[in-house]
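These notes are about the structure you will find just below.
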Amino acid sequence: MNHHRTAALAAGACAAAISLAACTVTTTASPASSSAPTGSTVSVSGPIGRFPVPPGARLINDGTDSQRYDILFGSVSPSEAARFYTTALPRAGYTITSNSSTAGDSFSGTGIWFTGHGYNGQIGALSSFHIPGISLGGNTVEITLTPQ
């Protein structure tokens, strides 16, 4: 894992934890809508194979750390990520267990937790979040998949 990716992932995880900690978590059990954009999939190292990504996503990095799989991409806002994954995850055979969003003066964020295909997953999407010394710039989405 390279240094820049490690810093981005650490900052993203920290930002998601801070920004989503005060949110209301809502369990999602709605069926997939047929009007959602289809997107594409990205190949993931390891046994999971492929995972859906929203239209317009720009893959920054993907890889494994022990048994955890991480996918990091940009160019998709938190609201776009939430809309896409609310329908794409059930279509791909995953169950959304919770979904939350928040916004502050200088950022917005979405967190989605899900299970399926033998994995627990989390999607954290942030917009323009800055930590002194580290800037994630515009929109950043991180997906973490951990075997159950």
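The values are calculated or read from the model by the stated rules, or taken from the named source; none is laboratory data. Only a predicted model underlies this, so the values are computations on that prediction, with no experimental measurement involved. Remember, those area values only see protein heavy atoms, side chains included, never the ligands or the DNA or RNA. Shrake-Rupley method; radii C 1.70, N 1.55, O 1.52, S 1.80 Å.
Things to note:
- Residue by residue, region 48-58 carries 3J(HN,Hα) couplings of 5, x, 9, 9, x, 10, x, x, x, 5, 10 Hz when phi is fed to the Karplus relation 6.51 cos²θ - 1.76 cosθ + 1.60 (θ = phi - 60°); x denotes Gly or Pro.
- Exposure ranking of 60, 71 by accessible area [1.4 Å probe, largest first]: 60, 71
- Calculated accessible area for region 59-130 comes out at 41 Å² per residue, all protein chains present (probe 1.4 Å; ligands, DNA, RNA ignored).
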